[in-house]
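The structure appears below as structure tokens.
The values are calculated or read from the model by the stated rules, or taken from the named source; none is laboratory data. Just so we're clear, the structure is a prediction, and the values are computed from it rather than from any experiment. For neighbour counting, all protein chains shown are included, and Cβ atoms are generated from backbone atoms with ideal geometry for every residue, glycine included. Surface areas here come from the heavy atoms of the whole protein model, side chains and all, with no ligands, DNA or RNA. Shrake-Rupley method; radii C 1.70, N 1.55, O 1.52, S 1.80 Å.
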Amino acid sequence: MKTHVQTERERWEKKTLEPALKKSPERRERFITVSNEEIARLYTPDDIKDLDYERDLGCPGDYPYTRGVYPTMYRGRLWTMRQFAGFGGPEETNQRFKYLLKEGQTGLSTAFDMPTLMGLDSDHPLADGEVGVEGVAVDTLRDFEILFDGIPLDQVSTSFTINPSAPVIYAMYIAIGDRQGVPREKLRGTIQNDMLKEFIAQKEWVVPPRPSVDLIVDIFEFGIRETPKFNLISISGYHIREAGSTAVQELAFTLADGMAYVEAALQRGLDIDEVAPQLSFFFNSHNSFFEEIAKFRAARRIWARALRERYGAQNPESWKLRFHTQTAGCSLTEQQPLNNIVRVALQALAAVLGGTQSLHTNSYDEALALPTEEAVRIALRTQQIIAYESGVADTIDPLAGSYFVEALTNEVERKALEYIHKIERLGNGSILEGVFRGIEQGFFQREIAQAAYEYQKQVESGEQIIVGVNKYTIPKEQDQKVPTLKIDPEVQRRQIERLQQVRRERDARAVERTLARLEEAARQRQNTMPYILEAVKAYASVGEIMEVLKRVHGAYREPAMV
Amino acid sequence: MNRPIRVLMAKAGLDGHDRGVKVVARALRDAGMEVIYTGLHNTPEQVIKAALQEDVDVIGLSILSGAHLTIFKKTRELMKQYGMDDVLLLGGGIIPDEDKPILEELGVKGLFGPGTSTQEIVEFIRREVQKLRELQPA
């Protein structure tokens, strides 16, 4: 039997729409999102007729958390405005940290330079030209002493964007805390520590995927006991999206990675309700406004159901997907760069309407260089305008019940689950194994490269419009000139000098001894964290510690494929 | 006879941003060129070694880590050392405007930043390789 809405819609299509279309057709044949998802002309109650409020949405703070993980959301406390910072040597970043704290910020977020991210010392041949450029350079505990000089670790929460060398950086933070006399259970912060997405998308690695996950579980096992207030991982879709994936792929691959870590922890014998509450997520917010909101809402629902039903978690804290968002760096244009301020504002608004816990807004000049201070300030002000002026934070999940948003949430969820099931089949029922095989076989990498190429073709054919790039362009000479940030090459020289000085002054035998013990523990498959901490305290360098792990597990090299 | 244009696409330095390099590699291949992709994290020495082995007409270096000045300088020095005057060196990635003249001076013939259409790169390579080939004795 036809519903009333269906009858009404058919009447409208025949009587109202058809004549209108005859007079003037629509702007285009297909209306698509930035992820090539087709969007319908109109959504009605029929598109969500199976939606069950309690089962599929729930109230805020209630399972399955589609409407948000907290009962009061932004009426209680706004999202954390967390801007990522780091440049030059530890001295410069320490000064920036102190400035931010003086301005009332309580959360720090650290960007490291490429050599530190890749587990190489500043004097490694591959590090030449990269020291202190993309973030702060750290070689030994001496650098961390400078980085956190005068900053009491029991009063701040510090986020570290670090992956293959995460165990070393985490150990350095604990070592500084120990020296300041801060009890470990009081340390707060986050390490990104998500290697699966590195192999899939961001491509920073040292050892191969399987031992990389073992090291992550070492951190879980150690961290649950030692630093219970510290987020031990930030499972990230951000980089997957930046590499060119669609919104659905970002969601599916990230949640699959999350399930893989849960399975790896369970294999180690850890308790699901001990591990899950210390997991957090990190997503991208791209241009297609509603699709992004749908993605965030679907993420919470899929995760809650998987944790409760598939993995049997009992503690509601385990079911809640908490996430950080960053606006899409890849959406920023070099052409007419001030337009990026508007893009970032829309993407940030989508993240807020999607219920994010914290947010980084990109600076408008980031397609040109590292951001200047002024550009960073505008990015932060964008968040403050959304928070304090627009009124969107005054009610919870304001888009719930929209025919379009709910239908899109269901659709994004359905397609993401299809991918997750495919990964599960690839691993014969194990998502962990499926993710490993997907990486080994290049499945994720191919899917993402294909989506990126399709998108580029759509841009070049004009099916996707980028204002200022393939439409409304101006000659380069007339384009806005923006100042860009420069890093002093002196930083590299100073950093190498300090590293060599530490090598001369430290107790060489202690370094040798602790590194040998670490190697032994890694070979015996014992938890490496206590040994890494010991080596860090003896002033072994990031590169030396990672070298030991490489000796035991081998170095990863990705098969080059296009 | 005109042999197909051979291009070495390389990621030099430590950054893992390979979206652009892969998109361009596929577009060049679709345009009939022979493309060799090195994968990530190469030193200039590795890039040059691969370029010599593969006897390419073009080297495309993708760098988004900010280390472009150091890496292009080394690459050009090695190209001179090995007498690779007939090889076209191109760059892609995040290159600030004020660094572009420095790189052009070094001998980087084309720099393609965000928003460049792949068609533009294809046409540029065809034109420049043609010029280089006309200069060479047959």
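Over 29 Å apart at the Cα level, from the set B:LYS100/B:LYS131; A:LYS203/A:LYS476; A:LYS481/B:LYS73; A:LYS481/B:LYS80, are A:LYS203/A:LYS476; A:LYS481/B:LYS80.
Between A:GLN6 and A:LEU338, the modelled label-to-label distance comes to 5.4 nm, taking each label 7 Å out from Cα in the direction of the beta carbon.
Zone of A:LYS481 (label point 7 Å along Cα→Cβ, backbone N under 18 Å): which residues in the range B:99-129? Taking a point 7 Å out along Cα→Cβ of A:LYS481, the residues of the range B:99-129 whose backbone N falls under 18 Å are B:99-103. Note on A:ARG504 and A:LYS229: the model spin-label points, each 7 Å out from Cα along the C-beta direction, lie 4.1 nm apart. Within chain A, the selection of entire DSSP H helices by a Cα span of 24 Å or greater along the long axis and an average Kyte-Doolittle value of at least -0.5 returns A:209-226, A:247-267, A:289-305, A:403-426.
Stokes-Einstein diffusion of the range A:321-360 at 4 °C, 1.567 mPa s viscosity, Kirkwood radius from Cα pairs, rounded to a whole number: 121 µm²/s.
Which GluC sites (Glu not before Pro) in the range A:33-115 sit in a loop by DSSP (not H, G, I, E or B) and have at most 13 other Cβ atoms within 10 Å of their own Cβ?
A:GLU103
Normalised by the number of residues in the range A:75-176, the mean separation of alpha-carbon contacts (under 8 Å, six or more apart) gives a relative contact order of 33 percent.
For B:GLY107, neighbours were defined as the other residues whose beta-carbon sits under 15 Å from its Cβ, and their charges (Lys and Arg +1, Asp and Glu -1) total 0. Note on A:ILE151 and A:ASP62: the extension gain reaches 28.3 nm, defined as 0.36 nm multiplied by sequence separation minus the Cα-Cα distance. Taken over chain A, the convex hull of the Cα atoms encloses 166 Å³ per residue. In percent, rounded to a whole number, the relative contact order of chain A is 19, using alpha-carbon pairs under 8 Å and six or more apart. Neighbouring Cβ atoms from other chains, within 10 Å of the Cβ of residues in B:64-71, number 5 on average. Computed over the range A:357-449, the quotient of the alpha carbon radius of gyration and 2.2 N^0.38 Å is 1.62. For chymotrypsin sites (Phe, Trp or Tyr not before Pro), the sites in the range A:3-70 that DSSP calls loop and that have at most 12 other Cβ atoms within 10 Å are A:PHE31. Taking the Cα centre of the protein assembly as shown as reference, the dipole from Cβ charges on Lys and Arg (+1) and Asp and Glu (-1) amounts to some 800 debye. Measuring with a 1.4 angstrom probe and ignoring ligands and nucleic acids, A:LEU370 comes out at about 50 Å² accessible.
Restricting the range A:505-562 to trypsin sites (Lys or Arg not before Pro) that sit in a DSSP loop and have at most 13 other Cβ atoms within 10 Å of their own Cβ leaves A:ARG525, A:ARG557. Residues whose amide H lies under 5 Å from that of A:GLY427, counting only those 5 or more places away or on a different chain, are A:GLY434; hydrogens are built 1.01 Å from N in the peptide plane. Per-residue ellipticity at 222 nm computed for chain A from its helices equals -14500 deg cm²/dmol, with DSSP H segments shorter than 4 residues left out and the rest contributing -39,500 (n - 2.57). Around the amide H of B:LEU88, modelled in the peptide plane, lie the amide H atoms of B:VAL58, B:ILE59, all under 5 Å away and 5 or more residues distant in sequence or on another chain. Model label sites at A:VAL182 and A:ILE474, defined 7 Å from Cα along the beta-carbon direction, differ in position by 4.7 nm.
Given the options A:THR44, A:ALA260, A:PRO167, identify the residue whose Cα lies farthest towards the positive end of the charge dipole of chain A (+1 on Cβ of Lys, Arg; -1 on Cβ of Asp, Glu). Of the options given, the answer is A:THR44. For B:VAL35, the amide hydrogen comes within under 5 Å of the amide hydrogens of B:VAL7, counting only partners 5 or more places away or on other chains and with H modelled in the peptide plane. Averaging the Cα positions of each part gives two centres, and for the range A:231-274 and the range A:310-385 these lie 20 Å apart.
For the range B:6-132, a simple Cβ point-charge model (Lys and Arg +1, Asp and Glu -1, everything else neutral) yields a dipole of about 220 debye relative to the Cα centre. Could you tell me which of rounded, prolate or oblate describes chain B, using a ≥ b ≥ c as the square roots of the eigenvalues of the alpha-carbon gyration tensor, with rounded for a/c under 1.5 and, failing that, prolate when a/b is larger than b/c and oblate otherwise? In terms of gyration-tensor shape, rounded. In percent, rounded to a whole number, the relative contact order of the range B:6-132 is 27, using alpha-carbon pairs under 8 Å and six or more apart.
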